[in-house]
Amino acid sequence: MNKKRMSAVVTVKKNIAVQSVGYKKYYPLGSPEQVVLNLDRWAVDEIFIISIDRSRNNQGPDIDLLKRIAKLQISTPIVYGGGIKSLPDAIEVIQSGADRILVDCAIDYNPTLLQDIASVIGSQALIGSLPFCMENNAPFKYDYLQNKLVKIECAYTQPICSEIMFVDVKNEGGSGSFDLSILDHLEKFSPDAILFGGLTDPRKINIAYENNKVKAIAIGNLFTHTEHALQKICSSINPEYSRPPFYEQR
Amino acid sequence: MQISLLNYGIGNIECLKGCIRSLGHKIQLINDYDSIIDAEILLLPGVGSFPAAMRYLTATGLDFAIKKRHDINKPIIGICLGMQLLAYESDEFMMTKGLGILDGAVKKLPFSHHICWNSISSKKSKDMYGISSSDYFYFNHSYHFVGNEDQVIYDVHYGIRFTAGVKLGNTIGLQFHPEKSQASGKRLLKNIFDSFDNE
């Protein structure tokens, strides 16, 4: 029986895992490797590692971080995002230990990049990141490099990426505050959806999972800060949607 | 055992290396004809597009090595894309010839992608590798193998039923990623390696 995915997001800034609130405030957690190890032990469905300062600092992807994580022998799918600007970047990220990649800024500055990457690594390995905002009843992307709202590139709506991660910018870092009205916009996008940003309320998670376009939800601060939060959430949502919670035997 | 992982330029080799080491086996990366033939067990890894992978294999002549290895019945395990390469052809992006080891072709799934944790069904009443319906495996693909049912050992359901695993002689193909499927995946890989070790 197939299941929707419950993913974890590890935000990394200056080589430290951090809690992130609204793209503005960051609170240190510690070693990204230790956070990833914990999530793997708790059997999360997928781990997003997002290095949020690579593009801002004009750096490429954090290959050193990926190689350190690859040495940990974890057995959970890894998605990496941060600083991917070219096809060689994407290939190097996959070869260094990521199973899929997440691309954000580069889509706006190089709209043909997604197709180039998909043709080599496969569209199933490609996720577009879309920090999503509604303004005057119209949908926009939040460009965090320029701190402004921009038009959503058509590359997002076309069937190039396998999935789009919709980030509820206004509620990112919050608890239970995810804006479910985002679900009303998903049909405009060809790829399936991963939802992220304050989506920790089991009632809202069940509603999100009921939507056919939603294949995964992602949780950041709660999973990286509180032990067994993943298992507690899995126990609280409709068992039709998620794998049973896993507790490590010692 | 020494497991040899074919590096064809775009696979997720780091993940597989870690998994195999965690099972207590040695791993080496190879990409030449003789190493493919001589390997104790050959692993074909799993991320990338079919045309890109076959371009590399045909340009380097390594396609002949893999086919010869199958013909002399030495163990091969293909994972995800690695399994699909064993087919006659694929229509991913363009029609591309595969290794032609399995009797079948790779076709687009009738939906965009199969990216989820899913359970698999064994075609035999008692699975030879100890898998049950409570085991979940990580799938991430948009194409699937369609071919001779006699070669199919596992199938999976996602709206429709399609092939999740194949076996022909000592060549095994798995559509899912056991190295990314936590405890269930490790147990399956361990049992497959042990089955080759016992021969």
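General observations
- Positions within segment B:143-183 being within 14 Å of chain A (Cβ to nearest Cβ), over 23 Å from B:Glu92 (Cα atoms) and surrounded by fewer than 21 Cβ atoms within 10 Å (Cβ to Cβ), in sequence order: B:Ala183
Every residue, every condition in (1) more than 10 Å from chain B (Cβ to nearest Cβ); (2) under 16 Å from the mean Cα position of the chain (by Cα); (3) modelled with pLDDT of 90 or more, yes or no:
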position: A:Gly82; (1), (2), (3): yes, yes, yes
position: A:Lys85; (1), (2), (3): yes, no, yes
position: A:Glu92; (1), (2), (3): yes, no, yes
position: A:Leu102; (1), (2), (3): yes, yes, yes
position: A:Gln124; (1), (2), (3): no, yes, no
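- Complete set of residues in segment A:1-32 that are surrounded by fewer than 21 Cβ atoms within 10 Å (Cβ to Cβ) and within 13 Å of another protein chain (Cβ to nearest Cβ): A:Met1, A:Asn2, A:Lys3
- Yes/no for B:Lys74 being without any contact (Cβ under 8 Å) to a residue 40 or more places away in the chain and surrounded by fewer than 21 Cβ atoms within 10 Å (Cβ to Cβ): no
- Where helices (runs of 4 or more DSSP H) sit wholly within segment B:1-99, those with at least 2 residues that are within 14 Å of chain A (Cβ to nearest Cβ) and among the charged types (D, E, K, R) occupy B:13-22.
- Failed criterion for A:Glu153 (all others in (1) modelled with pLDDT of 90 or more; (2) of a type in the set (Asp, Glu); (3) over 26 Å from A:Glu46 (Cα atoms) hold): (1)
- If the condition is being of a type in the set (A, V, I, L, M), closer than 14 Å to B:Asp127 by Cα and out of contact with any Gly (no Cβ under 9 Å at 6 or more places or on another chain), then segment B:147-199 contributes B:Ala164, B:Leu189, B:Ile192.
- Of everything in segment A:58-74 that is touching a strand residue (DSSP E or B) at 6+ places or on another chain (Cβ under 9 Å) and in a loop (DSSP other than H, G, I, E, B), the residue that is farthest from the other protein chains (Cβ to nearest Cβ) is A:Gln59.
The values are calculated or read from the model by the stated rules, or taken from the named source; none is laboratory data. Values in this document were obtained by computation on a predicted structure and should not be read as measured data. Cβ sites come from the backbone with ideal geometry, for glycine too, and all protein chains shown count toward neighbours.
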